[in-house]
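All remarks here apply to the structure that follows.
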Amino acid sequence: MTATGAAAIVRICQVTEGLPLALELAASAVRVQSCEAISSALERGQLHLAANLRDLPARHLSIYATFEHSWRLLLPQEQRVFCALAVFRGGFDTTAARAVADASSNLLVSLLDKSLIYRRRGTDGEVRYSIHELLRQYAEEKLSEAGELSMAQQRHLEFFTALAEQAEPKLKTSEQTHWLNLLENEHSNLRAAMEYALESGNNETATRLAGAL
């Protein structure tokens, strides 16, 4: 730790207003940038965002600047997958991530290492991944700007409709507990899929999903 480095760390804490998620993201960049470079990038990002996100509360401007900095450090493939993961609600497992966002295990690990997603356990003990809600909203904005939001939502709808239809006959078998736990894990995703189906006028798929559930 040098005097210059210490001053940069203090500035990072000031720019991010000490928000834990913002500090985690800034810390994850240390492996590729110095603290001075991170501090400078965050300050520049904050000024840029202040000009474009006038409606955001001041506290959110600081964390959005951190998001923007983390976003610029991602490889194009990581950016694409991170954005597509924004359509999930309540988390996702590796199977869903691959089907909806074309996310390989290596890409998920990379995003995990960069503190953009985190790992937890579902009600059945299986590994699931989640995105902090502010990060998810940021990624969804990027997905919308790229004109790919509805396409990702459609893949999400198709995946969870198929999952519900797969689960339906299993609920009357000895595997009932497993499938009820699985549906409980995906409750928020199933609701989001139904909402998109209704909003987009996809009534046939909405009927299939409702019938299966």
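Kindly check whether there is at least one residue in the range 112-135 that is over 24 Å from ASN202 (Cα atoms), open to solvent by 60 Å² or more (accessible area, probe 1.4 Å), hydroxyl-bearing (Ser, Thr, Tyr) and modelled with pLDDT under 95. The answer is yes, given that some residue of the range 112-135 is over 24 Å from ASN202 (Cα atoms), open to solvent by 60 Å² or more (accessible area, probe 1.4 Å), hydroxyl-bearing (Ser, Thr, Tyr) and modelled with pLDDT under 95. Tallying residues that are touching a helix residue (DSSP H, G or I) at 6+ places or on another chain (Cβ under 9 Å), in a loop (DSSP other than H, G, I, E, B) and not charged (D, E, K, R) within the range 137-177 yields 3.
Here GLU141 fulfils each of the conditions (1) of a type in the set (D, E, K, R); (2) at pLDDT 95 or above; (3) surrounded by fewer than 19 Cβ atoms within 10 Å (Cβ to Cβ); (4) under 24 Å from VAL81 (Cβ atoms) apart from (2). Every condition in (1) in a helix (DSSP H, G or I); (2) over 17 Å from ARG98 (Cα atoms); (3) free of Cβ contacts under 8 Å to residues at least 60 places away in the same chain holds for ALA192 except the one numbered (3). The set of residues in the range 182-213 that are open to solvent by less than 50 Å² (accessible area, probe 1.4 Å) and in contact with a Ser or Thr (Cβ under 6 Å, 6 or more places away or on another chain) comprises ASN185, ALA197, THR205, LEU209.
Take ALA164 and decide whether it is modelled with pLDDT of 95 or more, under 19 Å from TYR129 (Cα atoms), surrounded by 14 or more Cβ atoms within 10 Å (Cβ to Cβ) and out of contact with any Phe, Trp or Tyr (no Cβ under 6 Å at 6 or more places or on another chain). So ALA164 does not fit the description; no. Select from the range 82-116 the residues that are assigned to a helix (DSSP H, G or I), closer than 12 Å to ARG136 by Cα and not small (Gly, Ala, Ser) and list them in ascending order. Across the range 82-116, the qualifying residues are PHE82, CYS83, LEU85, VAL87. Within the range 163-200, being among the hydroxyl-bearing types (Ser, Thr, Tyr), farther than 16 Å from GLU126 by Cβ and over 25 Å from the mean Cα position of the chain (by Cα) holds for THR173, SER174. Taken over the range 9-32, the criterion of being farther than 17 Å from LEU116 by Cα and either touching an Asp or Glu at 6+ places or on another chain (Cβ under 7 Å) or free of Cβ contacts under 8 Å to residues at least 40 places away in the same chain (or both) is satisfied by ILE9, VAL10, ARG11, ILE12, CYS13, GLN14, VAL15, GLY18. Residues in the range 95-150 that are of a type in the set (D, E, K, R), under 22 Å from LEU75 (Cβ atoms) and free of Cβ contacts under 8 Å to residues at least 12 places away in the same chain: ARG98, ARG119, GLU141, GLU145. Within the range 147-156, the set of residues being open to solvent by 60 Å² or more (accessible area, probe 1.4 Å) and not charged (D, E, K, R) comprises SER150, MET151. GLU175 satisfies every condition listed in (1) closer than 20 Å to VAL87 by Cα; (2) open to solvent by 70 Å² or more (accessible area, probe 1.4 Å) except (1). Applying the selection to the range 5-19, what residues are at pLDDT below 85 and either open to solvent by 50 Å² or more (accessible area, probe 1.4 Å) or hydroxyl-bearing (Ser, Thr, Tyr) (or both)? Once the filter is applied, which keeps residues that are at pLDDT below 85 and either open to solvent by 50 Å² or more (accessible area, probe 1.4 Å) or hydroxyl-bearing (Ser, Thr, Tyr) (or both), the range 5-19 yields THR16, GLU17.
The values are calculated or read from the model by the stated rules, or taken from the named source; none is laboratory data. All values derive from a computational prediction rather than experimental measurement. Glycine gets a Cβ as well: all are built from the backbone with ideal geometry, and neighbour counts include every protein chain shown. The accessibility values were calculated without ligands, DNA or RNA, using every heavy atom of the protein model including side chains. Shrake-Rupley method; radii C 1.70, N 1.55, O 1.52, S 1.80 Å.
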